[in-house]
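Written below as structure tokens is the structure these notes are about.
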Amino acid sequence: FAILPPSGYVNPAVDPIAGVKHVLLPALSLGFALMAHLTRMTRSSLIEELKSGYVKLAQSKGIPDRDIVYRHALRNAFLPVLTVIGLQIGFLFSGIVIIEQVFAYPGLGRLAFQALLNRDTTLIQGSVLTIATVFMLSNLVVDLLYAVLDPRVQAGGGA
């Protein structure tokens, strides 16, 4: 009664179905811890936004609740969640080392761990540089998304 394989890797280009099955369990293991935190954060932020004045004004104008939540409140509630998502990228990279070892999945985390065991400093430096670059780029994307989602943040100078 095996639904998902416990370990290993299959190239998705060779067998797409088996590739997805092999990546699903490690991805779920890594994502569930983050998903719980993001869900709590989104909920509390949305509750806070729904108590604000502009939501009450929209309700008094007769705008349907669904439109208020999806068009106005959720957009503002997502700003603190977006910050947490950007910071959790670092947690994901620390988690891939463990996940790739447990599930025998080849990847950057396993490569860095093997380089550490073999004392291959050049490979360690390369993997740390790659992880740091991806972390910085993900935080840049978060900052750019802030400019899109928050009308108070505008590009350009200002004093």
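Please state which one of ALA115, ALA58 is in a helix (DSSP H, G or I), in contact with a Ser or Thr (Cβ under 9 Å, 6 or more places away or on another chain) and buried (at least 17 other Cβ atoms within 10 Å of the Cβ).
Checking each option against the conditions leaves just ALA115.
For region 118-145, enumerate the residues that are exposed (fewer than 15 other Cβ atoms within 10 Å of the Cβ) and among the hydroxyl-bearing types (Ser, Thr, Tyr).
The answer is THR121, THR122, THR130, THR133.
Kindly provide the set of residues from region 130-144 that are touching a helix residue (DSSP H, G or I) at 6+ places or on another chain (Cβ under 6 Å) and of a type outside the set (Phe, Trp, Tyr), ordered by number.
Residues satisfying the conditions are ILE131, SER138, ASN139, VAL142.
Do we find that PHE93 is of a type in the set (Phe, Trp, Tyr) and touching a Pro at 6+ places or on another chain (Cβ under 6 Å) in this structure?
When the stated conditions are applied, PHE93 does not pass them.
Tell me, please, whether a residue that is within 28 Å of SER29 (Cβ to Cβ) and among the acidic types (Asp, Glu) can be found in region 126-145.
Within region 126-145 (the criterion being within 28 Å of SER29 (Cβ to Cβ) and among the acidic types (Asp, Glu)), the answer is no, since none of the residues qualifies.
Counting only residues that are free of Cβ contacts under 8 Å to residues at least 40 places away in the same chain, within 21 Å of PHE32 (Cα to Cα) and within 16 Å of the chain's Cα centre (by Cα), how many does region 92-151 have?
Counting residues in region 92-151 that are free of Cβ contacts under 8 Å to residues at least 40 places away in the same chain, within 21 Å of PHE32 (Cα to Cα) and within 16 Å of the chain's Cα centre (by Cα) gives 1.
The numbers here are math on the coordinates, done by the rules we state, and not lab data. In this text the structure is predicted, and so the values were computed from the model without any measurement. Here Cβ is always computed from backbone atoms with ideal geometry, including for glycine, and neighbour counts include all displayed protein chains.
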